[in-house]
Structures are given as C-alpha cells and as structure tokens.
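Notes to accompany the following structure.
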Amino acid sequence: CLQSSVDDKTEVREYFNTEGFNRWNKIYSESDEVNSVQLDIRTGHDQTIQKILNWVQADGDNKGKTFCDCGCGVGSLAIPLAQMGAKISASDISDSMANEAARRAKEMGIKNAKFYTSDLESVTGKYNTVTCVDVAIHYPTEKMSEMVGHLCSLAQDRVIISFAPKTWYYVFLKKIGELFPGPSKTTRAYLHEEEVVRQALSKAGFEVARDEMTATNFYFSRLLEAKRV
Ligand code: SAM
C-alpha cells in the first residue's frame, strides 16, 4: 500500500511538472488551444470555483482571514480569493504549477498571496479556511481519510474539499472509459465514496455545512464545506 501511494505521488508530481502542466495550464486559462473535452472540463471546473467564491462572498468580510489552498494548480481559486481581500498561502506538489500560479498573481499585481511547492501532507500552520479542490482524484482510496484529517488539522474554522464521487454511475462510466477520456488518463484517477470523506471530516470535529455537485459531460466534482463544531 505504502509503496503504491509513494509511486502514485512521484507519478503525479512528474506528470504535473511536464505534459500535465502543459495540458492543465491550457485548460485553466482562456487559451483556445483546447479540444472539446478539455473545454467541457474547463467549464465544469469554472463552475466549481464559482460556487466556492459565492460561498465565501456570501459569508461577507474576508479582510484579515487566512486561506490555505492545497494543490493550488495555477491559482484558479487562490487568485480570486486574494482579490477578495483574504490572505492566501497556496501550494502545489508541482513546481511548474506553483510557479505559474505565482507568475499569474504577480502579473495581476496581487500582493496578499504566496505560492510555494509542497506536497499537501507537508503543509503546516493554522488557517481560517483550508481548501483542496479537485486534488483527491490523485489520492488512492486508502490514503483519503488521512489526507482529509491532515487538511482538518490545518483549519481553524472550515475545510472546503472537492472530489470525484464514487457512485455506481461514475464507476460504470470509468469502467467503459468514458470518464476522464482526455488529460486525466495519463495518471491514475480515483473516485471517492462520499461517506468516507464525511466520516473523516466528522472524526476531525467538522460538520458539513454546505454541499454542491457539479457535472458536465466529462467533469464530475462533489464539493463539501465543513465547519469546525
Ligand atoms: N486545485 C486546483 C484547481 O482547482 O484549479 C488544481 C486542480 S488539478 C486537477 C490537481 C492539482 O493537484 C495539480 O496541480 C497537482 O499538481 C496537485 N496535486 C496532486 N497531488 C498533490 C499533493 N499530494 N500535494 C499537493 N498538490 C498535489
């Protein structure tokens, strides 16, 4: 088990430093060099990000609030959160991703966000909110509870996490190869049982307060916001 998850991680890091970076950097941008599947994934991902921003916006004043974004990619969530006035600490296991996020933030004149390279399991500190969006797809089933527990240990108030849900329907689609037909195929993709995530949150003293589901043709993401009780 341990060996396989170490291999998973090495594979994920290498992928997102090389061809995965090129693919996802295009998907997570306005570039028109994307195919129809990638465009569909971009649309779905944009919806997930917007739902999170709406929650944060609805809660009001973000000034002085700290956010930790684990597996930040190119900063699709961290950058707009910074623009809303929060103080952001964002990291990614991939150097290329973290550097691109920092570059984008700098280009936009953002000063209240820092970006660095780190495996999320090595992230330390205490933050009002910890976010981890569309990262769990790279996490083996047996490591999921521990990962959620670690995110919770960093969060003073709440955790926002998304994952591809393991329902019979998606398991079926994945089997016949219709799900993740494009970019994600190069790394293993893991679906997660919602109950496992909920139990890990609850074990760490968190309670789900809001939830969402975003589904397009090729993008599936269950989103949970859990607050410390
Ligand atoms: N959260 C970003 C977003 O929603 O725009 C990026 C999502 S992208 C599908 C997945 C990201 O997770 C990649 O940038 C990848 O490098 C990162 N990642 C995967 N495993 C990780 C780990 N163990 N620690 C930190 N980042 C990780």
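Below is a table of values for the structure above.
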| item | result |
| --- | --- |
| Some residue of the stretch 160-167 being in contact (Cβ under 8 Å) with a residue 24 or more places away in the chain, within 19 Å of residue 52 (Cβ to Cβ), more than 16 Å from the ligand (Cβ to nearest atom) and surrounded by 13 or more Cβ atoms within 10 Å (Cβ to Cβ) | no |
| Sole residue being open to solvent by less than 30 Å² (accessible area, probe 1.4 Å) and either of a type in the set (D, E, K, R) or assigned to a strand (DSSP E or B) (or both), chosen from 101, 90 | 90 |
| Answer from 8, 32 - the residue that is surrounded by fewer than 21 Cβ atoms within 10 Å (Cβ to Cβ), acidic (Asp, Glu), at pLDDT below 95 and assigned to a helix (DSSP H, G or I) | 8 |
| Residue match in the stretch 60-73 (condition: part of a loop (DSSP other than H, G, I, E, B), touching a residue at least 60 places away in the same chain (Cβ under 8 Å) and more than 16 Å from the ligand (Cβ to nearest atom)) | yes |
| Counted residues, the stretch 126-136 - those being part of a loop (DSSP other than H, G, I, E, B) and more than 16 Å from residue 204 (Cα to Cα) | 3 |
| Given (1) hydroxyl-bearing (Ser, Thr, Tyr); (2) within 15 Å of the chain's Cα centre (by Cα); (3) at pLDDT 95 or above, number of the condition residue 139 does not satisfy | (3) |
| Residues satisfying the stated conditions in the stretch 104-121, i.e. in a loop (DSSP other than H, G, I, E, B), more than 12 Å from the ligand (Cβ to nearest atom) and not small (Gly, Ala, Ser) | 108, 110, 111, 112 |
| Residue selected from the stretch 122-136 under the condition in contact with a Lys or Arg (Cβ under 9 Å, 6 or more places away or on another chain) and either open to solvent by 10 Å² or more (accessible area, probe 1.4 Å) or of a type in the set (A, V, I, L, M) (or both), by the criterion nearest to the ligand (Cβ to nearest atom) | 130 |
| Restricting the stretch 37-60 to residues that are open to solvent by less than 70 Å² (accessible area, probe 1.4 Å) and hydrophobic (A, V, I, L, M, F, W, C), the residue that is nearest to residue 75 (Cα to Cα) | 49 |
| Any hit, the stretch 137-152, residues being open to solvent by 20 Å² or more (accessible area, probe 1.4 Å) and either outside any helix (DSSP H, G or I) or under 19 Å from residue 85 (Cα atoms) (or both) | no |
| Any chance residue 229 is farther than 19 Å from residue 50 by Cα, modelled with pLDDT of 85 or more and surrounded by 14 or more Cβ atoms within 10 Å (Cβ to Cβ) | no |
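The values are calculated or read from the model by the stated rules, or taken from the named source; none is laboratory data. Just so you know, these numbers come straight off a predicted model, no measurement behind them. Note: ideal-geometry Cβ built from the backbone for every residue, glycine included; neighbour counts use all protein chains shown. The accessibility values were calculated without ligands, DNA or RNA, using every heavy atom of the protein model including side chains. Shrake-Rupley method; radii C 1.70, N 1.55, O 1.52, S 1.80 Å.
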